[in-house]
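Okay, structure first, notes after.
The values are calculated or read from the model by the stated rules, or taken from the named source; none is laboratory data. What you see is a predicted model, and the numbers here were worked out from it, not measured in a lab. When we count neighbours, we look across all protein chains shown, and the Cβ atoms used for this are built from the backbone with ideal geometry, even at glycine. Surface accessibility is based on the protein's heavy atoms, side chains included, excluding ligands, DNA and RNA. Shrake-Rupley method; radii C 1.70, N 1.55, O 1.52, S 1.80 Å.
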Amino acid sequence: MNNNKTLNEIKSNRPEGRFIECDVALNTHIADKYKRVSKPNIPNISESAVLRHYTNLSRKNYALSTTMYPLGSCTMKHNPLVNEKIAKFEGFSSIHPYQSEETIQGSLEVMYELQKGLCEISGMDFFTLQPAAGAHGEYTGLLIISKYFKNKNEKRTKIIVPDSAHGTNPASAALAGFEIISVKSDEYGIVSPENLKKVLNSSVSAMMMTVPNTLGVFEKNIEEISKIMHDNGSLMYYDGANLNAVMGIIRPADIGFDVMHINLHKTFSTPHGGGGPGSGPVGVKEFLKDFLPSPVVVKDGETFKLHFNDKEKSIGRMKAFYGNFPVILKACAYIKALGGEGLNDASEQAVVNANYILSKLKDKVKIPAGNYCMHEFAMSLKGALGDGIRTLDVAKRLLDNGYYAPTIYFPLIVEEAMMIEPTETESKQTLDEFVETLINIMEESKANPEAVHNAPVNTSVKRLNEVEAARHPVLHW
Ligand SMILES: *Cc1c(COP(=O)(O)O)cnc(C)c1O
């Protein structure tokens, strides 16, 4: 697969003298006034001191490689290290985005194979790999929807978003020029056809849905909802952030979705703590393919090529060059390694793990979704804690116990919410230990509320003022 030519290989085939060696260029072309006059003030310390400094720094943080990371909504799953190694292969890491197509056939093949794999997993007909994150994918998908209606000369200015949606959904819709209509979830935390019909009219271009939704509940009315929307001439957008729950079980295209994004950094093996890098490929059904951003990778005989859509129809480019290529590469390697059956297993195991935790907590807390969930669930800690103790305090106390704190206060429709997503890769023993710790903290909050309220005390940074950074940002010093 990896038949890229590296820059060095290309250089070595060119006539001599075309490349000026760097150090010669530095010596002769930098004016004296820019050159250093005294030696740089570099600390003179031993290798072991440097090693200890950085190792100790790295230990002050939480990471998937040190602890369970039950962060609901973010799918912090295990990212096989072998994929990092593959991303570093010289044939991939030493190429340049300006190289010609003939010299990057291996990389184009990776992109082509990933487009194909994502089509198979989702049921969509075409994918673009350009968007750099989930939210960027939403924005791309909404621009496609906007252009589609413009092309049909239909004036549709609104997007429907359930009240359980991730905040990026309405934000992306607003950025793409739409007005947002919120639809209320019913008592089971899902969208009901009745509530949808109340807000639907001919100015609605599409509805954005996450399935399973952010409460970890499968939208069981989804086929009826898709039909109602399509009968209204509107489209269906699938927020694929929760795809980890349904791979090989359902395909978004089969339950009525027309456009979707996938968060490669959530479902397909890219570490994304600390904010990046990500990748949010967007898939569409056949009738929308001309609106995709250019270029996409196509196969012509045995050759991989870039295909540019008609400029009038395509929404244009969403990202420089090819998107976040190393993330694309890792996703491709992960999908190929697991195969269809492996991906199906991953989803089933993710659902089993979440239900295992839910079943052990359901008598102690309120779980709006009921007795079963998909790959994650939201619970309300209201009424389950000692006087004056809030979900935030419990999350901080988990840090003291060596866990990364789960997502809290999301989804917004659950009071004092805590959201748990163990992912498929955690063992029964890890899940048991986590549940035991959580229950202990809930009991501690009644017996010794002070201790929970003052947490964390075992971390290198103690309890922070939650609003200080927003009110008085210190942007440089
Ligand atoms: C994470 C997430 C997003 C946004 O994805 P980013 O890659 O963080 O931009 C959108 N919707 C849901 C449900 C998510 O969990």
Report task. Output the residue which, of all residues in the range 120-135 that are within 13 Å of VAL296 (Cβ to Cβ) and buried (at least 24 other Cβ atoms within 10 Å of the Cβ), is nearest to the ligand (Cβ to nearest atom). Result -> PRO131
**Report entry** Subset tally (residues that are within 16 Å of the ligand (Cβ to nearest atom) and out of contact with any Asp or Glu (no Cβ under 7 Å at 6 or more places or on another chain)) for the range 75-92
**Finding:** 2
Report summary line: The lone condition LEU108 fails out of (1) surrounded by 20 or more Cβ atoms within 10 Å (Cβ to Cβ); (2) closer than 30 Å to PHE377 by Cα is (2)
Requested in this report: Identify all residues within the range 238-292 that are farther than 19 Å from PHE218 by Cα, β-branched (Val, Ile, Thr) and at pLDDT 95 or above; write none if there are none.
Outcome: VAL282, VAL284
Requested in this report: With respect to LEU385, determine if the residue is more than 24 Å from the chain's Cα centre (by Cα), among the hydrophobic types (A, V, I, L, M, F, W, C) and open to solvent by 20 Å² or more (accessible area, probe 1.4 Å).
Outcome: yes
Report task. State whether one or more residues within the range 276-286 are in a loop (DSSP other than H, G, I, E, B), open to solvent by 20 Å² or more (accessible area, probe 1.4 Å) and within 14 Å of the ligand (Cβ to nearest atom). Result -> yes
Query raised in the report: Condition test on ILE262, is it open to solvent by 20 Å² or more (accessible area, probe 1.4 Å), in contact (Cβ under 8 Å) with a residue 40 or more places away in the chain, closer than 17 Å to THR210 by Cβ and of a type in the set (A, V, I, L, M)?
Result: no
Report task. Within the range 230-245, track down each residue that is away from the ligand (no atom under 13 Å from the Cβ) and in contact (Cβ under 8 Å) with a residue 24 or more places away in the chain. Result -> HIS230, ASN232, GLY233, SER234, LEU235, MET236
Report task. Tally the residues that are hydroxyl-bearing (Ser, Thr, Tyr), open to solvent by less than 80 Å² (accessible area, probe 1.4 Å) and modelled with pLDDT of 90 or more, restricting the search to the range 50-66. Result -> 1
Query - Tally of residues being away from the ligand (no atom under 16 Å from the Cβ) and either buried (at least 22 other Cβ atoms within 10 Å of the Cβ) or not in a loop (DSSP other than H, G, I, E, B) (or both) across the range 148-182 - result: 9
Report task. With respect to LYS227, determine if the residue is more than 15 Å from the ligand (Cβ to nearest atom), surrounded by fewer than 18 Cβ atoms within 10 Å (Cβ to Cβ) and touching a residue at least 12 places away in the same chain (Cβ under 8 Å). Result -> yes
Requested in this report: Would you confirm whether any residue within the range 330-341 is open to solvent by less than 60 Å² (accessible area, probe 1.4 Å), within 14 Å of the ligand (Cβ to nearest atom) and assigned to a loop (DSSP other than H, G, I, E, B)?
Outcome: no
**Report entry** Hits in the range 438-450 - residues which are part of a helix (DSSP H, G or I) and surrounded by fewer than 17 Cβ atoms within 10 Å (Cβ to Cβ)
**Finding:** ILE439, ASN440, GLU443, LYS446, ALA447, PRO449, GLU450
Query raised in the report: Does LEU392 qualify as being crowded, with 20+ Cβ neighbours inside 10 Å and at pLDDT 95 or above?
Result: no
Query raised in the report: Given the conditions (1) of a type in the set (Asp, Glu); (2) part of a loop (DSSP other than H, G, I, E, B); (3) within 15 Å of the ligand (Cβ to nearest atom), and given that GLU187 satisfies all but one, which numbered condition is not satisfied?
Result: (3)
Requested in this report: Might you check whether a residue that is surrounded by fewer than 24 Cβ atoms within 10 Å (Cβ to Cβ), away from the ligand (no atom under 15 Å from the Cβ) and in contact (Cβ under 8 Å) with a residue 24 or more places away in the chain occurs anywhere in the range 136-145?
Outcome: yes
Requested in this report: Pick out, from the range 73-143, the helices (runs of 4 or more DSSP H) lying fully within it that include 1 or more residues that are under 30 Å from VAL351 (Cα atoms).
Outcome: 81-88, 105-122
Requested in this report: Considering only the range 195-212, state which residues are open to solvent by less than 10 Å² (accessible area, probe 1.4 Å), free of Cβ contacts under 8 Å to residues at least 60 places away in the same chain and within 13 Å of the ligand (Cβ to nearest atom).
Outcome: MET209, VAL211
